[in-house]
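Q: Next up is a structure, given as structure tokens.
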Amino acid sequence: ETFAYAYDEEAESEHIDAFEVTLLAGTMSGPSVSGMTTLKRFASPRIVALVSLTFIIVSFSLVVLLPLDFASNIIVPYWNKASDLWTGEHVVMTGREAARGALADVGMKESFRTNLRKDAGYLVSWGGSAGWTNVLFTQLKHIHLAKMSHRIPIILPTIPHVQHLALPAGQSAQPMLMSDIFDFPRFSQSIGIPLLEMEDLKGPSIARGPLEVEREDPRGTITEFPWETLGCWSLMQTSQNNTEAPWFFEGGRMKLDFTPMPSSVLMPEYPAPYGLAALTNLGRLLEYHPQDSIAKFGMPQVNETEVEQQRMWHPGWNLPPVDPENDIACIDAYLYYTLPTDGYEGQQWLDREDDDANTWMRIGTHLHWRQDVQDLADQYIRNAFGLNHGERIPPYISVHVRRTDLMWGCKNDAGEIDLDCLSPALYGARAREVKELLLGAGVDIGEHIVVTTDETDPVYRAALLAEGMTLIDHGICETADIYGPWWPTILDAVFLAGAAGFVGTEGSTMSEIAIRRVEDWNGGVTAQVHQWDRLRS
């Protein structure tokens, strides 16, 4: 049984006002085994032999026949990544393990449509170009919406955002695949649907990640991919009453054309031009062909004249514009701004209401790191704590200090920055509170506190160290130089998620997702520092 309670130390804490943390603890008991010896004790040898034979037959059927059905009977040569050699055997396979059942064929093709099944529905979306956590939240909603509407998600690579990756002027980064970071086979099995990436259809379109085994197509390399076009639904046009130009995915050579969604997907309390859509409304719309759904649910038809006027505004391109289609639905990155249901109030990523509209509970909590990503992060943690390679990592507290784009809330009435706002002393006090709560639950973290921050001021950083924290400095570690510009952010997220306790910054999505991971994965204690928090004198 898992339980949670809010801890309020307003009356007791000598450090902070308005303090609240969440403690999740749990116990798990296995099934009773008292009756397991019954068969062995009382059954005759003949019965035991019959049961054993039945078990062998059933096991053989599961091993041989079930995969045939699951993989749609596509027989292709098996490519052994471990040895980079053909094994010579023929097995049933449809690309990566997480994509099983979603493809009609494997290997890169000139068209992204070639490998798709004729009897399945798909949903394409992408995270846009923003901070990595915000893009990830959009991708999680995309996958959730695909499951709601009984479709298979096709996930495009994450496009780098120069400011969030802190790239030097003139430097760029490659797009990144979700499967380069996360354990897709485990994720697919946990949420019960296959997962596709564009490279399963038309690729490889981007450079491989530093930890990724090269995915090669043994049937040869296609060096030139033709441009294709796909019709997409636009939430942004519907929500803001404006236009959205075609979006060009250079890696897969795809042009996405946009048509506004019916306005009835918007929540009644949030109409255009500041509209917000409900994810459940989108799920009902996309469960069938959207035009059929419009008729079924009484939603208004798209204004074709308005659509044509919007398309005339778009930059010219030699591919003619297309409407959204049935089997391959597509939706824009404004999906990020959707709320779970009509009338929803709350913080959706921190909401612990266990219902079908909760994207984190249904999808996000099941998205774990790849083992090689976790191993790399663990080695950084060991180095920070002075441990040897392979030595067990002790329980620790992680702290996420977000300041650069949240200091707007730290100005006083005169418009000056209040130096006590989001101060190192506040984070240190919160970390000590979390430490005491962990100790009360029997978890002693000692002096093991890891901090990550976007703050570059050396004076501020020194003050964090004075609070007893250990800062993993990716500049000194040369993380970006060795692994690429994505990896300081990725590794920070892994550091934060692996802790027994966590202190974050209210208003930061990176802190929000760390809260959920520490609580869900580790049964940990979490707290946040708010912009209005102040130390007691």
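Throughout, read-outs are computed from the coordinates displayed, never taken from laboratory work. Everything numeric here is computed off the predicted structure, so don't read it as measured data. Please note: Cβ atoms are built from the backbone with ideal geometry, for glycine as well, and neighbour counts cover all protein chains shown.
Q: Kindly provide the Kirkwood hydrodynamic radius of the stretch 438-494 in Å, to one decimal, from all pairs of distinct alpha carbon atoms.
A: Working: mean 1/r = 0.0769 Å⁻¹.
With all distinct Cα pairs of the stretch 438-494 included, I get 13.0 Å.
Q: In the calculated pair distance distribution of the stretch 371-472, what percentage of Cα-Cα distances lie above 18 Å?
A: When every Cα pair of the stretch 371-472 is considered, 55 percent fall beyond 18 Å.
Q: While we're here: Please order 118, 435 by the number of other Cβ within 10 Å, starting at the fewest.
A: Ascending Cβ contact count within 10 Å gives the list 118, 435.
Q: Based on the Cα atoms of the stretch 392-537, what semi-axes does the equivalent ellipsoid have, where each is the square root of 5 times one gyration tensor eigenvalue, given in whole Å with the largest first?
A: Working: eigenvalues 107, 82, 39 Å².
In descending order the semi-axes read 23, 20, 14 Å.
Q: Using the Cβ atoms and a cut-off under 12 Å, what net charge is assigned to the surroundings of residue 456, where Lys and Arg are +1 and Asp and Glu are -1?
A: Result for the local shell: -2.
Q: Largest first and to the nearest Å, give the Cα extent of the stretch 414-463 along each principal axis.
A: 46, 23, 14
Q: If you don't mind, another one. Taking 0.36 nm per residue of sequence separation and subtracting the Cα-Cα distance, how much length would be gained by fully extending the chain between residue 227 and residue 272, in nm to one decimal?
A: On the way: separation 45, 0.36 × 45 = 16.20 nm, distance 3.38 nm.
12.8 nm is the gain from fully extending residue 227 to residue 272.
Q: What is the sum of charges around residue 270, taking Lys and Arg as +1, Asp and Glu as -1, for the other residues whose C-beta is under 12 Å from the C-beta of residue 270?
A: -3
Q: Could you work out how much longer the chain between residue 248 and residue 459 gets when fully extended? Use 0.36 nm per residue separation minus the Cα distance between them, nm to one decimal.
A: 71.6 nm
Q: Continuing with this model, one more query. Set the Förster distance to 41 Å, then compute FRET efficiency between residue 412 and residue 264 from the Cβ-Cβ distance, nearest 0.05.
A: Working: r = 45 Å, r/R0 = 1.09.
For R0 = 41 Å, the calculated efficiency reads 0.35.
Q: Taking K and R as +1 and D and E as -1, what net charge do the other residues with C-beta under 10 Å from the C-beta of residue 235 add up to?
A: -2
Q: Give me, ordered by chain and number, the residues 5 or more places off residue 233 or on other chains with an amide H under 5 Å from its own placed amide H.
A: For residue 233, whose amide H was placed from the backbone, the distant partners under 5 Å are 259, 330, 331, 332.
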